[in-house]
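The values are calculated or read from the model by the stated rules, or taken from the named source; none is laboratory data. All values derive from a computational prediction rather than experimental measurement. Every residue, glycine as well, gets a Cβ built from its backbone with ideal geometry; the counts of neighbours run over all protein chains shown. Keep in mind that these areas ignore ligands, DNA and RNA; they rest on the heavy atoms of the full protein, side chains included. Shrake-Rupley method; radii C 1.70, N 1.55, O 1.52, S 1.80 Å.
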Amino acid sequence: MCLIIANPAGNFVPTDFILNAYSTNSDGFGVMFAKNNLLRIKRGLFSISHIVDIFDELNKAKKPYVAHFRYATHGTTNGQNCHPFPISGKLGG
């Protein structure tokens, strides 16, 4: 089962939480957040060090985001199957 971190207050997420999430859900990662009034999406097959760097940036920004750690049950394990999926090109993600 995938793991989602919804962080509407932009609270600090400790590195050990991230490492634990990745250890059981390492089939892809994605995150969405607002920047300059546009929805930004980063998703793919990232190393744990890259994911920790992304969370470091999010922790410093203290802005809302939703992160997704994938546990593949269907489909190929690749960057295209990582959430979140943009539903419109107008979102800027």
Step by step: first the residues of the range 23-38, then only those that are open to solvent by 60 Å² or more (accessible area, probe 1.4 Å), under 23 Å from residue 8 (Cβ atoms) and of a type outside the set (A, V, I, L, M), then the one that is modelled with the lowest pLDDT. Which residue is that? 37
Select from the range 39-81 the residues that are open to solvent by 50 Å² or more (accessible area, probe 1.4 Å), among the charged types (D, E, K, R) and part of a loop (DSSP other than H, G, I, E, B) and list them in ascending order. 62, 63
Test each condition in (1) of a type in the set (Gly, Ala, Ser); (2) farther than 20 Å from residue 86 by Cα; (3) modelled with pLDDT of 95 or more for residue 9 and report the one that comes out false. (3)
Kindly evaluate residue 12 against the criterion of being of a type outside the set (Lys, Arg) and farther than 16 Å from residue 79 by Cβ. yes
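Here's the yes/no breakdown for (1) within 20 Å of residue 86 (Cβ to Cβ); (2) aliphatic (A, V, I, L, M):
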position	(1), (2)
33	yes, no
39	yes, yes
44	yes, no
49	no, no
53	no, no
61	no, yes
64	yes, no
67	yes, yes
Pairs, first in contact (Cβ under 8 Å) with a residue 60 or more places away in the chain in the range 22-42, second assigned to a strand (DSSP E or B), C-beta under 7 Å, six or more apart: 32/39; 32/40; 32/41; 32/65; 32/66
Quick one: count up the residues across the range 1-22 that are loosely packed, with under 14 Cβ neighbours inside 10 Å, among the hydrophobic types (A, V, I, L, M, F, W, C) and assigned to a helix (DSSP H, G or I). 2
